Structures are given as C-alpha cells and as structure tokens.
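The values are calculated or read from the model by the stated rules, or taken from the named source; none is laboratory data. As the structure is a prediction and not an experimental result, all values here were calculated from the model. Here Cβ is always computed from backbone atoms with ideal geometry, including for glycine, and neighbour counts include all displayed protein chains. Note: areas computed on protein heavy atoms with side chains; ligands, DNA, RNA excluded. Shrake-Rupley method; radii C 1.70, N 1.55, O 1.52, S 1.80 Å.
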Amino acid sequence: SPNGRRLATACGGGMTHPQVIVCAGGGGVGKTTTSAAIALAVARAGRRSLIVSLDPARRLADALGAELGTEAKQLDVDAQQGVLYGLMPDPRDSLGTFAELLFAEHPDALRRLRDNRVYRALEAAVPGIHELASIGLTWRAVGEHDIDVVVIDTAPSRNAIDFIGQPRRLAKLLGGRAVGWLANIGQHATVDGAAAKMGRVEKLLARVIGPAVLEVAALFTELARVRDRFLWLNAKTGDLLLRPDTRYFLVAAPTAAARDDAHYLAKRLRSLRVKPEAIILNSAFMPERPWVDVLEAAEDLSDPIRDVLETLQREAMLRESAASQVSTALASRHPELEQLRLPFVEASKPRDVVEILSASLELDRLLLPGSLGLAV
C-alpha cells in the first residue's frame, strides 16, 4: 500500500533523530492537554513538531479542535516558521496498519495474511499492538515531515507505559528460533494436515492443535518472510523510546489518585530502565485574575458579587492547599524529580486551554536536559 511503501523511503538511515518527549499520567490530570501544549509551543518557537496520541479515547482531537487519524496531519497553529502535525491512530485498525508497515514490499504475502483465519481472530486481541503500530507510524511521520520534536501522549492508565519495554521483548522473541520453527511447519506440511517432513515435535503440535495447525504455520511463514523488516522497525521504535535523550514527564494533578498514579508510574519507569525527567503538576494554582482585582477595589458591591468573590477566594485557597499536599508527598518520595507547576485554566473549550498552557511554557528549559522549569 502507499502507506507501507513510504516507510521504506521516508525513514532512511541518514535521517536526523528528533527530540522525543513522552507524557504519562493517570486519568483526568490534563495529560493530553499538556502534551498538546508542549507540541504547540515547539511549533510556535519555529520548529517542526509532531503530537502523537496513544489514548484509545481519542481526546487529542478535541484538545486541538481537529480531525486526526493514521496519517500525520498538519494543523493550523498560527506559527510564522514552525509547523505542528497531529497523529492519532485508530486502535480498531492497529493490527492492519502494522501489517501494512511490515509487508510494504510483499503485497501478495499481505493478502494471504489477511485471508488467514488465525490472523483475523487475533486482529482485535493482540495486546500492545496499538502502541506498537502507533510508534511505527510515528517513525514514518518523522521521516516524511522532517520532524524536530515528537511529543507522545500515552493512554491514561498505570499500564499505559508498558509498551516502552516492548521493543526489547519482541526483538528477543522474533529474533529467536520460534518464528523460523513454526514457519518450517507451514513449508513442509501437506494440505490435508498430514506431515510430509515434520519432525516428532511438529507432529505432536499438529495433533494438539488439530487442523488449525496449518493456519498457524501459514501465519508464521508470512511473519518469517518479514522478520528482518520487523526487527528493523522494532529497532527504530526502540530508538524513539529508549534513547538516553528521550525525556519522560509524569503529569499529575492536586488529587490523591493522581499522586498515587505518579508514584506508581515513576517506579514502573525505573523498572523499565527509564529515568523520569520531572513531574508536571497541573491546576496547581489559580492564575492572576485582573477582573477580580477590579471588583475587589470597587467601593460599592452588591451582596451577590461579594459572595462570588468570597467563593473564588476559598476556591483558590483550597486548590493551593491541595496542590501543596500533593507536591510535598511527591517530593518526599521522589526528591530527585523537579516539579513543574501549571496553572488552573478557566476555559470552556479544550483548544483554549491548550493555547493558554502553551503560552506559559518556557520551552528551552523543557527540552534541554538539566535545565528544567516553567514560566507561569
């Protein structure tokens, strides 16, 4: 397909590697909004950025106010020189998309694969395939559009970062003997399932699985055909996720649940041999409200207006208190991680929130190792 063929030409060995930022966090902490804000700030700083969402809920489209899909789409960001692309693969098409990437140079084998009953049964049930396919599409988009910075928005789940270790696991699995051994069954088995040249183990497997053994063997025969390509693509995926300069940010909010999610994700990242860079605490304080100052300075206020001002003051104090408690707890458990605070944003549209947060980011410090910080 055109999608698959472009991978071979777009992602050449001489391609400059982009800066990669991965945002992880629990649900409801503003992770997608923060990811989009970072990508937007990069574009407005004159660079070519790509925001990728792995969230099956597809919140990124709402955050950016645009239709997004499998192809990286250029977005209107009102930037003089920079460019922002959005990529949000559909999890329902993940296995098919990944198969296209793998079999780009083998269209006949791809057709056979799609006709395989075992493949069709696995199509919606392969764990982690959505993330793997999405990162493969990310690599393709990097080459096609000469991307400088990639921002990856993970799913809002404690298990959402497990895909980081997939390149290592898959390389070990498919780089070993299993695929070749099963493919050998497909090459030597007869149509009726009798074993022409099978060994004892292969014959035993055929008896255990039954007639479906040929479908299983045929599936692995096709996979063996693209094993080298798979390992190449897998290496590129790992290169995006596991390079020393890839930056992982934990996104949290002033709630106990978000605090606990951040604790877990920090521990999980370290178990995957990844060092988190910092914790971004969303909605950590109330920004300045000039209109409140004007009202408070007025001499003659009605009782309803006074009630509103008192409510706003209480809200600000409660938010500051909650943020302080979460911040203290995170600092005690993760003293090595700098905390970056973002304001609570009053906006009715998700795109407006992204715009406001983007304007608050001090981008150089966010991108450069050892120099973190936010101007808010």
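Annotations for the structure displayed:
- Heavy-atom accessible surface of the range 238-357: percent carbon and sulfur, 1.4 Å: 54
- Accessible surface ranking that places the most exposed of H130, H145 first, with a 1.4 angstrom probe: H145, H130
- Ranking by accessible area, most exposed first, for M286, M88, M317 with a 1.4 Å probe: M317, M286, M88
- Computed over protein heavy atoms with a 1.4 angstrom probe, the accessible surface ordering of W291, W232, W139, largest first, is W291, W232, W139.
- At 1.002 mPa s and 20 °C, Stokes diffusion of the range 38-151 via Kirkwood alpha-carbon radius, µm² per second: 142
- Normalised by residue count, the range 254-337 yields a Cα convex hull volume of 96 Å³ per residue.
- Subtracting the Cα-Cα distance of L312 and R114 from 0.36 nm times their residue separation leaves 65.4 nm of extension gain.
- Pairwise FRET efficiency - E144 versus I305, Cβ, R0 = 51 Å, nearest 0.05: 0.40
- Loop-located GluC sites (Glu not before Pro) in the range 281-321 (DSSP state not H, G, I, E or B) with no more than 15 neighbouring Cβ atoms inside 10 Å: E288, E299.
- Out-of-range pairs (alpha-carbon distance over 28 Å; input K73/K349; K31/K267; K73/K236; K73/K275; K73/K267): K73/K275; K73/K267
- Gyration tensor (alpha-carbon) shape descriptor, the range 289-365, a/c threshold 1.5: oblate
- Structural size metrics of the range 224-283, computed from C-alpha coordinates, are Rg and Dmax of 15.9, 51 Å.
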